[in-house]
Number of protein chains: 2
Amino acid sequence: MPDPTPYIIYTDGACLGNPGPGGYAAIVRQGAQEREFSGGFRRTTNNRMELTAAIVALESIPAGSQATLYSDSNYLVQAVNLGWARGWKAKGWRRSTKEKALNPDLWERLLKLLDQRKVTFVWVRGHAGNSQNERCDRLSVAAAQRPNLPPDAVFEAGEKI
Amino acid sequence: MPDPTPYIIYTDGACLGNPGPGGYAAIVRQGAQEREFSGGFRRTTNNRMELTAAIVALESIPAGSQATLYSDSNYLVQAVNLGWARGWKAKGWRRSTKEKALNPDLWERLLKLLDQRKVTFVWVRGHAGNSQNERCDRLSVAAAQRPNLPPDAVFEAGEKI
RNA sequence: GGACACCUCCUAGU
DNA sequence: ACTAGGAGGTGTCC
C-alpha cells in the first residue's frame, strides 16, 4: 500500500541550442525526504527535456501515490490540464487531420504514469524567483553540459527523415 | 548660424546596483573650450544613465552643430548606428509584435536631438585606458553617490506596475 | 495572431 | 555570482 504522504515535485528542462545538447532535472520531495534526478542527451529539444523531467520524476514515485508537479512549461502543463495530450492520443497522435502531434513516445510514457498516480500539474513562471524552479534550472543546464551524453534515439531517428 | 567647429563629446553612465542609485556624466569640448555635466537619480538603470548622458550632452550644443560622441554603451551606440531606435519608434516602440522597446521616453528625446544635429556615435571599450572615458566614469560614479538624489520618475512609475 | 519555454551572440553596470 | 539592455533563432501548442 503506497505511502499516503503526497509528493511535491519540481521539474525543468534545458537545451543548449534547441536542438542541441539537452538536460532535465527533477526535485522530488515527500515530507522531509528529498531526492534529485538529472540527466541529458547529446542532441534533443527543449520540450522533450521538459517532458522527460516529468516522466523521470513520476517514475520515481510508486503507483497509487499522490503528487503535485510544478513546471514552467506551458507545453507540458496545458497538454495535461487541458486534455490536449489525451486528445492527440485519441486521434492517433494527430492534432488535426493533417498535422501530427509531436513527441508521442514521451507522451505515451507520461499518460501511462498519470493513469496510475493522482498528479496535479501546476504552472510556475520561469526565472521569477522560485528557488526550487531555479535549482532545477541549474541542475538541468549542468546535465546538458556533461560530456559524453547518450543519444536521444527517438529524436535523432526523427531528424534523419 | 552655428559655430562650425565640431564638438567632441564623451559620455558615461553608472549605476550602483542596477537598478539602484545612478549617475551620468558628459564632457563636451569645442576647440579649447570644455564643459562638464553630471547628475544622478535615486533609483534607475545603467542603460537609462548611458542614454541620459548623451541627451544632456547634446542638449548643451546648438541645433545645427556637428559632433562626435564617444560612449562605451553598446545599447546606445548600436541603437543609433544600426537604426534600432528608429525602427522601434516606427513600430510604436515595439521590438517585435510581442516585445516592447524599453526607455521610449529617453529615446524620443535623443532622436529629436539627433534630427537637429549632425552627430557621429563612436563606441569605445570601457576601462581600456581612454582618459576621457575614464574621467566620465569617475564623474558618473560620483554623481550616483551624491545624497538626496531626485527620482527618475519614469523608471519608478514603470516599476509600480 | 497569441502563449510558454529553450537558446545563440553582444555590451554595460554591480 | 547577480541585473539591465540589445540582435537573431527553434520547440511546441492554441
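The values are calculated or read from the model by the stated rules, or taken from the named source; none is laboratory data. Here the structure is a predicted model, which is why all the values come from computation and not from measurement. Here Cβ is always computed from backbone atoms with ideal geometry, including for glycine, and neighbour counts include all displayed protein chains.
Every residue, every condition in (1) within 12 Å of DNA strand D (Cβ to nearest atom); (2) under 12 Å from the mean Cα position of the chain (by Cα), yes or no:
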residue: B:Thr52; (1), (2): yes, yes
residue: B:Ile55; (1), (2): no, yes
residue: B:Tyr70; (1), (2): no, yes
residue: B:Arg95; (1), (2): yes, no
residue: B:Lys100; (1), (2): yes, no
residue: B:Asn103; (1), (2): yes, yes
residue: B:Leu110; (1), (2): no, yes
residue: B:Lys118; (1), (2): no, no
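Looking at the stretch A:51-79, which of the residues that are closer than 16 Å to A:Ala101 by Cα and touching a helix residue (DSSP H, G or I) at 6+ places or on another chain (Cβ under 7 Å) is surrounded by the fewest Cβ atoms within 10 Å (Cβ to Cβ)?
Here is the first cut: in the stretch A:51-79, the ones closer than 16 Å to A:Ala101 by Cα are A:51, A:74-79.
From what's left, touching a helix residue (DSSP H, G or I) at 6+ places or on another chain (Cβ under 7 Å): A:51, A:75-76, A:78-79.
Numbers: A:Leu51: 26, A:Tyr75: 17, A:Leu76: 24, A:Gln78: 14, A:Ala79: 23.
Filtering the stretch A:51-79 for residues that are closer than 16 Å to A:Ala101 by Cα and touching a helix residue (DSSP H, G or I) at 6+ places or on another chain (Cβ under 7 Å), the one surrounded by the fewest Cβ atoms within 10 Å (Cβ to Cβ) comes out as A:Gln78.
Determine, yes or no, whether B:Ala26 is away from chain A (no Cβ under 14 Å), in contact with a Ser or Thr (Cβ under 6 Å, 6 or more places away or on another chain) and under 20 Å from B:Arg109 (Cβ atoms).
For B:Ala26, the condition - away from chain A (no Cβ under 14 Å), in contact with a Ser or Thr (Cβ under 6 Å, 6 or more places away or on another chain) and under 20 Å from B:Arg109 (Cβ atoms) - is met.
Filter the stretch A:29-49 for residues that are in contact (Cβ under 8 Å) with a residue 40 or more places away in the chain and more than 13 Å from DNA strand D (Cβ to nearest atom) and give the result.
Correct list: A:Glu36, A:Ser38, A:Gly39, A:Gly40, A:Arg42.
Looking at the stretch A:100-128, which of the residues that are part of a loop (DSSP other than H, G, I, E, B) and within 12 Å of RNA strand C (Cβ to nearest atom) is farthest from the other protein chains (Cβ to nearest Cβ)?
Residue satisfying both the conditions and the ranking: A:Val124.
Do we have A:Ala79 as modelled with pLDDT of 95 or more, more than 11 Å from DNA strand D (Cβ to nearest atom) and out of contact with any strand residue (DSSP E or B) (no Cβ under 7 Å at 6 or more places or on another chain) here?
no
Can A:Ala26 be described as part of a strand (DSSP E or B) and within 16 Å of DNA strand D (Cβ to nearest atom)?
Here the answer is no, as A:Ala26 does not meet what is asked.
It is to be established whether one or more residues within the stretch A:84-94 are under 20 Å from A:Ala25 (Cα atoms) and either away from RNA strand C (no atom under 13 Å from the Cβ) or surrounded by 12 or more Cβ atoms within 10 Å (Cβ to Cβ) (or both). Give the steps one after another, and end with the answer.
In the first step, residues of the stretch A:84-94 are kept if they are under 20 Å from A:Ala25 (Cα atoms); the result is none.
So far as the stretch A:84-94 goes, no, none of its residues is under 20 Å from A:Ala25 (Cα atoms) and either away from RNA strand C (no atom under 13 Å from the Cβ) or surrounded by 12 or more Cβ atoms within 10 Å (Cβ to Cβ) (or both).
Which condition number does A:Ala153 fail, the rest of (1) small (Gly, Ala, Ser); (2) free of Cβ contacts under 8 Å to residues at least 12 places away in the same chain; (3) surrounded by 13 or more Cβ atoms within 10 Å (Cβ to Cβ) being met?
All conditions pass for A:Ala153, except number (3).
Can you tell me which residues in the stretch B:29-63 are out of contact with any strand residue (DSSP E or B) (no Cβ under 9 Å at 6 or more places or on another chain) and assigned to a strand (DSSP E or B)?
B:Gln33
Just a yes or no: is a residue in the stretch A:135-153 of a type in the set (S, T, N, Q), in contact with a Ser or Thr (Cβ under 7 Å, 6 or more places away or on another chain), under 20 Å from A:Leu16 (Cβ atoms) and away from chain B (no Cβ under 14 Å)?
Yes, the stretch A:135-153 contains a residue that is of a type in the set (S, T, N, Q), in contact with a Ser or Thr (Cβ under 7 Å, 6 or more places away or on another chain), under 20 Å from A:Leu16 (Cβ atoms) and away from chain B (no Cβ under 14 Å).
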